[in-house]
1. Filter the stretch 76-101 for residues that are under 22 Å from GLU22 (Cβ atoms) and out of contact with any Gly (no Cβ under 9 Å at 6 or more places or on another chain) and give the result.
2. Being at pLDDT below 90 and touching a strand residue (DSSP E or B) at 6+ places or on another chain (Cβ under 8 Å): is that true of ILE75 here?
3. Kindly indicate whether VAL238 is open to solvent by less than 80 Å² (accessible area, probe 1.4 Å), farther than 30 Å from ILE103 by Cβ, at pLDDT 90 or above and not basic (Lys, Arg).
4. Filter the stretch 1-22 for residues that are surrounded by 19 or more Cβ atoms within 10 Å (Cβ to Cβ) and polar (S, T, N, Q) and give the result.
5. Looking only at the stretch 64-118, which residues are of a type in the set (S, T, N, Q) and either within 12 Å of LEU53 (Cβ to Cβ) or not assigned by the TED database to the domain that holds PHE29 (or both)?
6. Answer yes if at least one residue in the stretch 83-101 is of a type in the set (Gly, Ala, Ser), modelled with pLDDT under 90 and over 17 Å from the mean Cα position of the chain (by Cα), and no otherwise.
7. List, please: which pairs have Cβ atoms under 6 Å, are six or more places apart or on different chains, and start with a residue in the stretch 142-154 that is at negative phi and end with one that is assigned to a helix (DSSP H, G or I)?
8. Being more than 30 Å from ASP139 (Cβ to Cβ) and under 22 Å from the mean Cα position of the chain (by Cα), is that true of even one residue in the stretch 52-63?
Amino acid sequence: MYIIVDDRESVTNSYVGGLVREGVSSIGFSSGEFWDWLQSANESDLAAVDAFLLGDCDARGSLPRAMRKRSTAPIIAMSGQKMLKNTLELFESGVDDVVHVPIHLREILARTAAIARRRVGELPRPCETRIQVFFNGRDPEIAGHALTLPRRELRILEYMVSNHGKWITKTQIFNAVYGIFESTFDESVIESHVSKLRKKLRDRLGFDAIVARRYVGYRLNIPANEAVDEPLQELDEVGILLNRAHAAPAAYPAGN
């Protein structure tokens with residue numbers, strides 16, 4: 001889930017709408033609303049946040065450090081001023097990255113993934129796999145061939161790859177896909193999404209990549225050197241790869 005903080009309601013609505021179209025849950029706050037939420041949010045809610053997007057607001061200079069006290073999620077400042085002084089001030093306030101609008105939201109998604117990778121260093125690879133996930137809305141690839149997925153199944157796969165080998169609960173997946181403020185859907189919808197994703201991966205890989213356990217949750221588990229059917233045998237070296245894709249130009253709010 002992405003949280004957009006901006007005192008201009010039209011801007012937050014635009015970013016929320018754009019992220020939803022990319023299959024990413026999000027919510028917009030004014031700086032005052034966000035401050036109240038940040039002070040009262042519990043740990044599980046904060047853990048569901050993928051990134052904070054900080055726009056134009058009165059408290060922009062002080063909010064990043066308050067965010068960092070409660071969350072390790074990337075903080076990306078969105079600026080309409082391409083001035084060195086302004087950019088340096090934003091970094092000094094504690095943000096992880098500064099982007100200048102207009103910017104394509106897929107670039108923001110890629111930057112978020114890059115920040116997360118740098119935080120943990122080189123990702124451990126307890127096993128070899130043939131799944132390539134890009135974390136920017138682009139279809140994943142298996143053996144160089146795209147696997148077209150509905151946006152929510154794609155988001156689930158991205159979340160599972162980020163937590164490869166770990167048990168994750170239905171609630172955690174629901175929060176990552178639908179957001180912590182979603183009340184229209186029930187958590188049971190995740191069972192259907194995972195079942196469909198599991199079948200598609202099994203058809204491509206030749207084995208069950210997603211393990212399900214009642215009362216525990218789900219785990220992405222691709223054993224090392226797992227034998228797979230053609231055409232996957234043509235690959236010599238495989239692994240979970242988190243790649244930044246080339247951002248396509250698109251117009252989003254310029255902050256004016």
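The values are calculated or read from the model by the stated rules, or taken from the named source; none is laboratory data. Because the structure is a prediction, the values reported are computed rather than measured. With ideal geometry, Cβ positions are generated from the backbone for all residues, glycine too; neighbour counts draw on all protein chains shown. Just so you know, the surface numbers come from the protein's heavy atoms only, side chains and all, with ligands and any DNA or RNA stripped out. Shrake-Rupley method; radii C 1.70, N 1.55, O 1.52, S 1.80 Å.
1. ILE76, VAL95, ASP96, ASP97, VAL98, VAL99
2. When the stated conditions are applied, ILE75 does not pass them.
3. Judged against the criteria, VAL238 is not a match.
4. Listed by number, the list holds a single entry, THR12.
5. So the first thing to find is which residues in the stretch 64-118 are of a type in the set (S, T, N, Q), and the list is 71-72, 79, 81, 86-87, 93, 112.
If the condition is that a residue be of a type in the set (S, T, N, Q) and either within 12 Å of LEU53 (Cβ to Cβ) or not assigned by the TED database to the domain that holds PHE29 (or both), then SER79, THR112 are the ones that fit.
6. no
7. ILE142/ARG204; ARG152/VAL177; ARG152/HIS193; GLU153/HIS193; GLU153/LEU197
8. yes
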